[in-house]
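Okay, structure first, notes after.
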Amino acid sequence: MRTVEVLFVIIILLGALLMTIQFAVLPSPHQAFGTNLRELSQSTLETLDGKGILTETVFKDSNDLAWGDLQKALSASLPPNVVYNLSVYDISSSGGVINYNLAKSISDAGFGVDSEAASLLATSPNVTFTITPEKVGEKTGENNTLYILNCNDANGWWITGYTGQSLATDLYDLLSSYFTTTVLLNTTDQLGLLLENSTSLEGTIQNAVVMNPFGEAVPIPYNYTQNGPQWDEGYYIIDASHDTYSKYCYTLGVKTQQYNWTWVSIVGYPLYYVSNTETFTGPNDHNSYGIHGMIKVGPAGLNAFLRGLDNKSYDVWRLEGSDWVYGDGSIAREIGVVQFTSQALDKCNYYGIYPSPYQTASRALPQSIEGDYHLERWAPIFELKSGYSAAATYRHAGGATEGGALTAIGLTRIPDIRVSVLALLMYYRPAVYKSEFGASCTSRVVTLQLGQQGGT
Amino acid sequence: MAGSTIDHMIAVTILIAALLLTMGVYNQMFASAVEYEGNRKVAMKAVDIINTACICPGNPEDWGETNASLLGFGLQDPEAGGYALSPYSLMRLRSSSNDSQLVYYDITGLFYNNISADYGCGIYSPVDDCLNYTAAAKMLGINGTYGFSLDIVPTLDVNVSQVPNEDYLILKVEVRGPGIALADVTLNYYMFQIVSGKGTYPSITTQNGIVQTGPYGSALIEFPNITDLDTAYSFIVYASLSGLKGVGYYSHDTIEDDPPYIVPLIQDFENGTIAIAHTWDVHFFGTPVPNVFYNATFFVLSQGFQLHQVQIPNSTGEVNYGQPPQIIQVPASEAGVLLITYRGRGQFRSIVLPWGVGTLAVSISFGGDPTGYSFVATELRQVSVNDISYQMKVSTWSLGG
């Protein structure tokens, strides 16, 4: 009787075992994982499209010989045990519905039970997507001219690794499409013509933008130097043993206000040196760091510029101990790492310019200059930090006279001129007209389906 | 009473037997499942490693081009992105062959890693500047848990051979994919014939052209102006077929039994300095020792597989046994081919150093040896190096038993 009971138990056990074997189908441990076909497919598509050749092929006529070459290339790329099917679909839009229509398909064998696929969106090489920027001043009728200082007889400072001339070329490439007229001032003499409102220069001097890519140095024309005919607009004798070129910076401020310029300093402390390699040839005409052809102005340069911009008198020199100090002395300071404002991040996407949103500011300007010189801070690129702004455009909008602006990028070297470009574009806000991406018959989807022979 | 006991005993015996049988089957199933899970982990690790190698440039990104310490492993070309590998980072991988393959140069006292593509064509990098397997495993976080190996081989096999002909030089170029001959492949070739130059230094004359392979995947390239079949030359051919690119290299020396007389040893990746050393200083082959007069030419590989010659300092010189090497410098950030022609024992010869592994389709093997492990997972990707198509295979195995 017990034996019969045990036999029942055994039948139940074996039944359970059989059911378990039936339902718990375990793969062989060696079949743990096949080659990742999806990623193999993706890498195949990307490498075949390395120089746009796959894209070029999939837009060719279905009888073109290039399809045969593509088939051979696929066969040669993939392992012998992998079969493929490459399908190309036309993308079209009808009544708001996207349709995918098979345009061409090539394959080398049928698939087993399992396959994986990856896809690539190809855009026809015959289609050009253009971006048309609005010209600065087009709406207001000012049609602002962009003048970029490209003086071959000047040296730059705080632009380590670059020259003023190379940065001028880069600025030209980045900004010229936004301006009706862009003029490179190739010598300090041409800069002199600009200061004198000469009609011999191309473009319109009134309401112009003047970019100085020489960093903390500013080119100075011979006429404004000690022996030049307009020396009193550039050179100033403080006392018997002290002289300065901060008067030249004052003149720049006056001209900026007079002609309603936007003066752009791309990096560091603005107007800290003046440079003219043809005139400043003396043994002491260097910046103490091995760059000759320039003379230090110091913090007085920026202070004098701001006083000129605000139509204040020039001479505010005072003696502190044994040192002559101009105005408030050194006003810029180091504030460390600063970050983009949300407005700047937004404009990065709008204009397609992507400098790092985190930068180090060593020459940030205090908010106090806004009250001292009747300035309004526009288009700030970085968030304020401890009452200091690392980069913004200061528009002169008060006091006895209005007009003129200073864009000061108080970052540390090496300069990223994209920050200056962004600052200028944020200030003038030209629109950008982009061509529509959804043009019909310009895009195709390529799918590459892979399977291991016999299935898995 | 006795019948009941016997009945119990039989029942218990049968029950125990049935339980043992059932447990054995279940045990087998569980063991199989556990092994499957273990293997699956290995396979997942293989995917992880190949993705890290292909899609991550490492840290710092340009570690292959600088002398900076490597903090994170990756082989992606940071400028090209996607599945493009850095030709310079690959030069920094210590070959997986054993230490006996290393080249010791007595004058600098350094060992050099030897990545040889073919006879007369190799990359010799200072071992101290190369990444070894253990360091890479540590950076990948698998040291002691998983083993791996990387094999990066050109997708196209471009084979060059000299066709017997009495009148002038004919070369045969064959292009094959895995198992198939490829027709209609465009071949962009460069022939560098070594000739007498000014003084004792050899010179090169260059011929180039474009042909296509025929239906059997081969093409004959004739050089009617090269009638001296003993002439020394180097031949490079770039093959392209609908986005698939390959390279073939062939050199011919007037003396083929001797080892090369000079060997270019990379001194500094960041500066692109290369020492041209006398081979006898690396391995003494007996007397007489040849004096060598070399002429080094660097060709930058540009888009469309064009080779452009670039002037390099100290391009000609003399190398003698036991003397300090001659130092030349190539533009470190430009991938290309350094062709060194030389005269020794009155004969012309040449040796080639690819600057960037893709320029001559050099294969790379890096990592451990999977021999003896029961389960090895492999992953495969298509990649490009210097626009040359490669296949990258990662093999991974568990070290945990």
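Nothing in this text is a laboratory measurement; each read-out follows from the coordinates by a stated rule. Keep in mind it's a predicted model, so treat the numbers as computed, not measured. Note that we place each Cβ from the backbone using ideal geometry, even for glycine, and neighbour counts take in every protein chain shown.
Could you size up the charge dipole of chain A around its Cα centre, putting +1 on the beta carbon of Lys and Arg and -1 on that of Asp and Glu, and report it in debye to the nearest 20?
Numbers: 25 positive and 42 negative charges, 199 e Å.
Using only the charged Cβ atoms, the result is roughly 960 debye.
With one equal scatterer per alpha carbon and no solvent term, the Debye-computed log10 I(q)/I(0) for segment B:354-401 at 0.15, 0.17, 0.24, 0.33 1/Å reads -0.52, -0.62, -0.89, -1.25. Pairs of Lys residues in chain B, spaced 8 or more positions apart or belonging to different chains, with C-alpha separations under 22 angstrom: 7 in total.
Charged side chains reduced to their Cβ positions (Lys and Arg at +1, Asp and Glu at -1) give segment B:211-306 a dipole of some 420 debye around its Cα centre. From the helices alone, meaning DSSP H stretches of at least four residues, give me the mean residue ellipticity at 222 nm for chain B, per-run term -39500 (n - 2.57), in deg cm²/dmol to the nearest 500. Theoretical 222 nm ellipticity from helices: -6000 deg cm²/dmol. The count of lysine pairs in chain A that are at least 8 places apart or cross chains, and whose C-alpha atoms lie under 26 Å apart, stands at 21.
Between the helical axis of B:2-55 and the dominant principal axis of chain B, each derived from Cα atoms, what acute angle in degrees is found, rounded to the nearest 10? Relative to chain B, helix B:2-55 is tipped by roughly 20 degrees.
The angle between the Cα long axis of helix A:246-258 and the longest principal axis of the Cα atoms of chain A comes to about 70 degrees, rounded to the nearest 10. Between B:Y146, B:Y112, B:Y342, the Gaussian network model of chain B with springs among Cα atoms under 10 angstrom shows the greatest mean-square fluctuation at B:Y146. Projecting each Cα onto the charge dipole of segment A:131-434 (Lys/Arg +1, Asp/Glu -1 at the beta carbon, about the Cα centre), which of A:G336, A:P270, A:N227 comes out farthest on the positive side? Result: A:G336.
Each Cα pair under 8 Å and six or more residues apart adds its separation to the average, and for chain B the resulting relative contact order is 20 percent.
Which trypsin sites (Lys or Arg not before Pro) does segment B:136-228 hold that lie in a coil by DSSP with at most 12 other beta carbons within 10 Å? Before the final figure, lay out the partial values.
Working: sites: B:K138, B:K172, B:R176, B:K198; in loops: B:K198.
Passing sites in segment B:136-228 are B:K198.
Would you mind classifying segment B:275-401 by shape? Square roots of the alpha carbon gyration tensor eigenvalues, ordered a ≥ b ≥ c; an a/c under 1.5 is rounded, otherwise it is prolate if a/b is larger than b/c and oblate if not. Oblate shape, in that a/c is at least 1.5 and b/c is the bigger or equal ratio. Specify which residue in the list A:T182, B:F111, A:G352 is farthest towards the positive end of the charge dipole of the protein assembly as shown, using unit charges on the beta carbon of Lys, Arg (+1) and Asp, Glu (-1), about the Cα centre. Farthest towards the positive pole: A:G352. Normalising the average separation of contacting C-alpha pairs (under 8 angstrom, six or more residues apart) by the number of residues puts the relative contact order of segment A:131-434 at 19 percent. Projected onto its three principal axes, the C-alpha set of the protein assembly as shown covers 130, 89, 62 Å, listed from the longest axis down.
For the protein assembly as shown, a crude dipole built from +1 on the beta carbon of Lys and Arg and -1 on the beta carbon of Asp and Glu, taken about the Cα centre, is about 1420 debye to the nearest 20. Seen against the Cα atoms of chain A and their longest principal axis, helix A:2-23 is set at about 50 degrees.
Taking Rh as the Kirkwood radius computed over C-alpha pairs, what is the Stokes-Einstein D of chain B at 4 °C in a medium of viscosity 1.567 mPa s, expressed in µm² per second? Estimated via Stokes-Einstein, D reaches 55 µm²/s. One compactness figure for segment A:131-434 is 0.93, namely its Cα radius of gyration divided by 2.2 N^0.38 Å. Dipole of segment A:131-434 (Lys/Arg Cβ +1, Asp/Glu Cβ -1, origin at the Cα centre): which of A:S200, A:G161, A:V254 lies farthest to the positive side? Selected residue: A:G161.
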